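*Asks:* Before anything else, here's the structure in question.
Taken together, the values in this text are just the output of simple stated rules run on the coordinates, not laboratory data. Not measured: the values here are computed from a predicted model. No Cβ is skipped: glycine too gets one built from the backbone with ideal geometry, and neighbour counts run over all protein chains shown.
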Amino acid sequence: MTRDETLVVSIDGQIVAPERATVSVLDRGFLYGDSVFEVMRAYDRRVFALQEHVDRLMRSAGLVYIEVPVDAARLAAELTAAVQASPYPDTIVRVHVTRGIAPLGLDPTPARGALRVVIVAPVHPPTLEDYRSGIAVTTHRTERAADNTEAAGAKVANYLVSLLALRAARVVGSKEAIIVDGRGRVLEGASSNVFLVKDGVVLTPPVTEGILPGITRSYLLRSAEALGIPLRITTLTRGDLAGADEVFVTSTVREVLPVVVVDAREVSDGKPGPMTRALHRRFREFTGASGPLPWEDHEGSETV
Ligand SMILES: Cc1ncc(COP(=O)(O)O)c(C=O)c1O
């Protein structure tokens with residue numbers, strides 16, 4: 001089921017009507033999840049952290065040996081054009097680059113002509129209630145497709161393990177799954193980075209643990225520095241989450257979302273904390289977003 005809203009789609013740099021925007025059944029992105037992607041957010045038709053997202057896409061492609069047929073500047077121009085063509089000022093921008101078409105078979109070497117697809121849709125951030133009261137999360141011990149491979153940390157499109165973790169979380173009423181690796185280290189959310197606050201210090205796992213180097217995460221770290229809040233990039237465990245004063249997750253769509261329940265146990269007093277709010281307020285200044293803060297007022301969506 002799709003929402004009744006206007007999408008802008010571009011394939012290989014050409015904007016095409018969404019109903020005619022189709023990809024071959026032989027495309028390796030479809031057959032094997034052989035693709036990389038990015039999700040960006042445009043505030044008032046300006047893509048936040050555009051350069052960082054394009055750079056990360058190029059890096060992800062490099063890590064899985066997909067040759068992007070255009071350079072970063074051209075890609076940025078193409079997706080900016082798609083954003084400008086949308087009737088909505090506040091949008092979400094997905095960019096997928098697949099390895100393209102090859103004769104059937106796993107071997108990636110014969111593939112020619114990586115395909116790039118841009119989809120621009122209105123943004124659906126979490127609900128006002130989620131921002132005001134915080135969300136529950138469930139930890140999930142698992143290993144994702146790229147974990148412990150040379151592609152660890154690349155944004156590869158095979159999210160099956162993460163979506164199963166999220167499904168399990170939703171079954172028990174949680175809104176995000178927190179991925180824990182085989183050594184018991186808390187890595188990140190199914191589609192977010194995770195932070196906690198303890199005794200006035202902000203803590204988050206290092207990218208060397210194979211997490212996605214989240215762009216919201218990097219701006220969150222900058223926000224903490226700007227506010228003079230001490231930071232520690234360090235390995236975290238479930239016990240650290242349980243004993244935290246505050247927990248929150250970050251992502252492009254959610255920005256900074258307070259977590260008040262971890263594995264059915266309240267974090268501290270079960271309410272979003274002051275540090276989470278201060279960091280989110282500072283983060284919003286980077287985005288250039290106008291209007292009320294997300295926990296003050298906005299129209300949100302349940303399906304994040
Ligand atoms: C696994 C994972 N970690 C972290 C993030 C957050 O990254 P960003 O802040 O760049 O959106 C995402 C975003 O989709 C993700 O999929």
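*Asks:* Are there GluC sites (Glu not before Pro) in the stretch 103-170 that DSSP puts in a loop and that have at most 10 other Cβ atoms within 10 Å, and which ones?
*Replies:* 150
*Asks:* Which percent, nearest 5, of DSSP beta bridges in the chain are antiparallel?
*Replies:* 80
*Asks:* I've got another one for you. Antiparallel as a % of all DSSP beta bridges within the stretch 128-287, to the nearest 5?
*Replies:* Bridges in the stretch 128-287 are about 65 percent antiparallel.
*Asks:* Between beta-carbons, use under 14 Å as the cut-off and find the net charge around residue 58, counting Lys and Arg +1, Asp and Glu -1.
*Replies:* Spelling it out: positives minus negatives among the neighbours equals -1.
*Asks:* Here is a follow-up. Just add up the charged neighbours of residue 76: K/R +1, D/E -1, any other residue whose Cβ is under 13 Å from the Cβ of residue 76.
*Replies:* -1
*Asks:* In sequence order, what are the phi-derived ³J(HN,Hα) couplings for the stretch 262-275 according to the Karplus relation 6.51 cos²θ - 1.76 cosθ + 1.60 with θ = phi - 60°, rounded to whole Hz, with x for glycine and proline?
*Replies:* Per residue, the Karplus-derived 3J(HN,Hα) values read 10, 6, 6, 10, 5, 8, 6, 8, x, 10, x, x, x, 5 Hz.
*Asks:* Right, next: What are the ³J(HN,Hα) couplings of the stretch 129-138, residue after residue, when phi is run through the Karplus curve with 6.51, -1.76, 1.60 and θ = phi - 60°? Round to Hz, x for glycine and proline.
*Replies:* Those phi angles translate into 4, 4, 5, 6, 9, x, 10, 9, 10, 10 Hz.
*Asks:* For residue 179, what charge total do you get from the other residues with a beta carbon under 13 Å from its beta carbon, if Lys and Arg give +1 and Asp and Glu give -1?
*Replies:* With Lys, Arg at +1 and Asp, Glu at -1, the net is -1.
*Asks:* Once both axes come from the Cα atoms, what is the angle between helix 160-171 and the longest principal axis of the chain, in degrees from 0 to 90, rounded to 10?
*Replies:* Tilt relative to the chain: about 40 degrees.
*Asks:* Another question about this same structure. Hey, what number do you get for the chain at 222 nm if only DSSP H runs of n ≥ 4 count, each worth -39500 (n - 2.57), divided across all residues, to the nearest 500?
*Replies:* Value at 222 nm, helices only: -8000 deg cm²/dmol.
*Asks:* Shifting gears a bit: Do any GluC sites (Glu not before Pro) in the stretch 233-304 lie in a DSSP loop with no more than 12 other beta carbon atoms within 10 Å, and if so, which?
*Replies:* The qualifying sites are 296, 299, 302.
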